[in-house]
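Report on one structure; see the data block that follows.
The values are calculated or read from the model by the stated rules, or taken from the named source; none is laboratory data. Keep in mind it's a predicted model, so treat the numbers as computed, not measured. Glycine gets a Cβ as well: all are built from the backbone with ideal geometry, and neighbour counts include every protein chain shown. Quick note on the areas: whole protein, heavy atoms, side chains included, nothing else; ligands and nucleic acids left out. Shrake-Rupley method; radii C 1.70, N 1.55, O 1.52, S 1.80 Å.
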Amino acid sequence: ILGEHLRICPQGYTCCTSEMEENFANKSRSEFEAMMKEAGRSVQTTLTAQHRSFDSYFQDLLNKSEKALYDAFPSMYGELYTQNMKVFKDLYSELRRYYRGSNINLEEALNEFWTRLLERLFKLMNPQYHITDEYLDCMVKHAEQHKPFGEVPRDLKVKATRAFIAARSYAQGFLVGSDVVRKVSQVSLSHECTRAIMKLMYCPHCRGMSSVKPCNNYCLNVVKGCLANQADLNTEWKYLMDSLVVVADRIDGPYNVDTVIGTIHMRIAEAISNLQENKDSITAKVFQGCGNPKISTKGSSSEDKKRRGKVALEAKSSAQALEMLVLDAKGNLTALKTYWITLPGSLCSKKVMASSAADNKCWNGMTKGSYLPEVMGDGLANQINNPEVEVDITKPDMTIRQQIMQLKIMTNRLGNANIGNDVDFQDASDDMSGSGSGDSCPDDVCGKRLSKSPSTRQPETHAIPKQSGHGINGASSRSLPSAFLLLLSVAFIAAQHLWR
C-alpha cells in the first residue's frame, strides 16, 4: 500500500499500517533498552565478582588473624588475656566496621585499643597497688614517652592504616563502578532516539526487506547519537579503572594486606611481650612521673604466674592467592576501560547484526544500498551534525552527569588511598543528593567520619566541596571576600544609575 500514513519509515510503498508502525516503534524501543541493560549486566557481573573475591579474601584474612589470637593467647598470657578478651574482640570488631565503611577514625580506634590494653595490663602487672582512674590517666599521658609496647603501636598504626584505607577504597571502587553502570543502563531512550532505532531496525520490514541488515556505519551513527551522553562517561570511567589498577598494585605491594592484616595478632603478642620484659623499668618511670600509688589491701593476684610467649605464633601466608586476585582484577579492569565508547560498535555487531562497512546491499535508512555519511565521533558534543538522530547537545542527561560526578569522587578516594590518606566517604553522597541522586551512595558502602582530635591526621577530601571537622569559622572566613566584592558591585551599579 502507499505509505503516506507513515510517520517514521520512508513514505514509499509499504507493508505497514500506522498501527504496525507504532507497534514496531514500541518493540524497537523495548528491545534496544533491553540490549543496554544486558550489556550493562555483563559489566556489573564482572565488577561485583571482583568485589566479592577480594572482600571474601580480606575478611578471611582478618578472621584467621583473630582466630589465631584467640587460640594462642590463653596459653601464652593466662590472665593477661582472659581478663582482657573484650579489648581484643573490640579491636577486630572496629577494624571490620571500618573496612565496611562505618563512621570510624581508624587511627583513633587503634590508639584507643593500645590505651585500654595498657591500662588493663598495668593494673594486672601491679596488683599490690591501688591504681585509680586518675592515676591511669596520668600513666597514659606518659605512655608516648615511655613506649611501653615498644615501636609496635606506631609501626602497626602506619602499616595497618594504609592497608585498610587501600582495601576499603579498592572494594568500594568496584561497587561504585557497578552501581554507575546499573543506573546509566536504566536511562530511557528519548523520543528522537525511539524513532531512529525504529527506522534502523524495523523500517526494512515495512519495505518488504526483512532479510536486509542495516549498514554498519548507519547503525553506528544511530547508536552513537542515542548513547551520546553515555559516551561522556568514558574519561572518568577510564580514570576509575586506572585508579583501581594502581591501588591493586599497592595492595599487593607496599601496603601488602596479606603481610599486614594477616599478622596483627603477632604484632599484638610482640607488644605485650615487650611490656612484660620491661615491666620493672616502665613501672619505675610511671611512678617517677605520676607518684607512687597506694598499697592495695587486696594483696597479690595470680598474674605473676606468667606464661611468657613460648607458643609459636605463625601467620599462614596467602600471598599467592592475593597475587592471583590482583592479576585477575587488573586484566578485567583493563578490558573494561573502553566500555562506553566501544558499546555502540558492540551493539551494532552483536545485537543489531549490522552488515559489514563495505556492504552496498544493506539498509541505509531509505532503501537497500550503500551508506555514505561519515560516522560521528563519541560523546554529546560530536552529535551536532548527526544525520540520523536529532540530539540537543545543550541539554545533557542529568542522571548521567550525576554518575560522572560519582566516578570523579570515587577516583579521588582511590587517589588518596594510593598515598595512604583516608577520605570522607559520606560527604560525596551528600553533595550528590543535592543534584537529585540521594541514593547514589548506599548505606552499606558509605559512612560518616567521626570528628577527630587535633592530634590525628584528617582524611583528605580534595575533590569534595564540603568538609566536616573544619567548623563554622573556616567556612565564613572563606566567604567574606566574595560577599565584600558583591557589596562593592552593587554599590558601583547604584552609583552609575544615580550619575545618569
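Numbers below:
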| item | result |
| --- | --- |
| Any pair with Cβ under 6 angstrom, 6 or more apart, that starts in the range 237-265 at a residue that is hydroxyl-bearing (S, T, Y) and ends at one that is open to solvent by less than 30 Å² (accessible area, probe 1.4 Å) | Y239/T411; S243/T411; S243/L414; Y255/A163; Y255/A166 |
| Restricting the range 259-285 to residues that are acidic (D, E) and out of contact with any Phe, Trp or Tyr (no Cβ under 9 Å at 6 or more places or on another chain), the residue that is surrounded by the most Cβ atoms within 10 Å (Cβ to Cβ) | E277 |
| Of residues in the range 64-84 being open to solvent by less than 70 Å² (accessible area, probe 1.4 Å) and free of Cβ contacts under 8 Å to residues at least 60 places away in the same chain, the one farthest from the chain's Cα centre (by Cα) | P74 |
| Considering residues of the range 7-43 that are of a type in the set (S, T, Y) and not in a helix (DSSP H, G or I) only, the residue least open to solvent (accessible area, probe 1.4 Å) | T14 |
| Matching entry among S356, S300 (being under 23 Å from A39 (Cα atoms), modelled with pLDDT under 90 and in a loop (DSSP other than H, G, I, E, B)) | S356 |
| Flag if D71 is farther than 23 Å from S190 by Cα, charged (D, E, K, R), at pLDDT below 95 and assigned to a helix (DSSP H, G or I) | yes |
| Residue under evaluation Y57, criteria (1) surrounded by fewer than 16 Cβ atoms within 10 Å (Cβ to Cβ); (2) at pLDDT 90 or above, criterion not met | (1) |
| Residue list for the range 387-421, filter: open to solvent by 20 Å² or more (accessible area, probe 1.4 Å) and outside any helix (DSSP H, G or I) | P387, E388, E390, V391, D392, I393, T394, K395, P396, D397, I419, N421 |
| Hey, Q288 at pLDDT 75 or above, within 42 Å of the chain's Cα centre (by Cα) and assigned to a helix (DSSP H, G or I) or not | no |
